[in-house]
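Written out below as structure tokens is the structure these notes cover.
Bear in mind that the values in this text are calculations on the coordinates, not laboratory data. Owing to the predicted nature of the structure, the values given are computational and were not obtained by experimental measurement. Cβ placement follows ideal geometry from the backbone for every residue including glycine, while neighbour counts extend to all protein chains displayed.
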Amino acid sequence: MKNFYDILTYLKNFGVYIHVGKRLWDIEVAALEVDNLYKADIIDAKQYATMKVILAHEHEQEVRVPSD
């Protein structure tokens with residue numbers, strides 16, 4: 001897994017489709033879904049950490065650059 005798109009594609013394997021309307025919100029919802037998969041023991045600690053780092057990076061980039 002290398003980017004946000006990869007995470008969204010992975011989540012679709014579990015029936016999780018995310019499109020809230022703003023990319024920032026999509027990132028935040030994806031982070032919540034990843035948390036839920038980890039808590040349910042569906043993904044391991046390494047996958048979880050990788051996804052969280054990617055999502056944190058994407059979130060930081062989205063907050064830094066104004067979307068208007």
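When you scan region 33-46, how many residues do you find that are out of contact with any Leu (no Cβ under 6 Å at 6 or more places or on another chain) and either closer than 14 Å to residue 58 by Cβ or not aliphatic (A, V, I, L, M) (or both)? Can you show your working first?
First, the residues of region 33-46 that are out of contact with any Leu (no Cβ under 6 Å at 6 or more places or on another chain): 34-42, 44-46.
Pick out the ones that are also either closer than 14 Å to residue 58 by Cβ or not aliphatic (A, V, I, L, M) (or both) and you get 34-36, 38-39, 41, 44, 46.
Looking only at that region, the number is 8.
Among the residues in region 46-58, are any among the β-branched types (Val, Ile, Thr) and surrounded by 12 or more Cβ atoms within 10 Å (Cβ to Cβ)?
Residues of region 46-58 that are among the β-branched types (Val, Ile, Thr), as a first pass: 50, 53-54.
Add one more test, that the residue is surrounded by 12 or more Cβ atoms within 10 Å (Cβ to Cβ), and what stays is 50, 54.
For region 46-58, residues among the β-branched types (Val, Ile, Thr) and surrounded by 12 or more Cβ atoms within 10 Å (Cβ to Cβ): present.
Among residues of region 45-61 that are farther than 13 Å from residue 24 by Cα, none has a beta-carbon under 8 Å from a residue that is small (Gly, Ala, Ser) and not in a helix (DSSP H, G or I) at least six positions away or on a different chain. Remark: residue 21 falls outside the filter, which requires a residue to be outside any helix (DSSP H, G or I), more than 21 Å from residue 61 (Cα to Cα) and of a type in the set (Gly, Ala, Ser).
Name the residue that is farthest from residue 47 (Cα to Cα), counting only residues in region 4-29 that are basic (Lys, Arg) and touching a residue at least 12 places away in the same chain (Cβ under 8 Å).
So the first thing to find is which residues in region 4-29 are basic (Lys, Arg), and the list is 12, 22-23.
Still in the list and also touching a residue at least 12 places away in the same chain (Cβ under 8 Å): 22-23.
On the way: 22: 25, 23: 22 Å.
Checking each candidate, the answer is 22.
In region 24-43, of all residues being surrounded by 11 or more Cβ atoms within 10 Å (Cβ to Cβ) and in a loop (DSSP other than H, G, I, E, B), the one that is nearest to the chain's Cα centre (by Cα) corresponds to 43.
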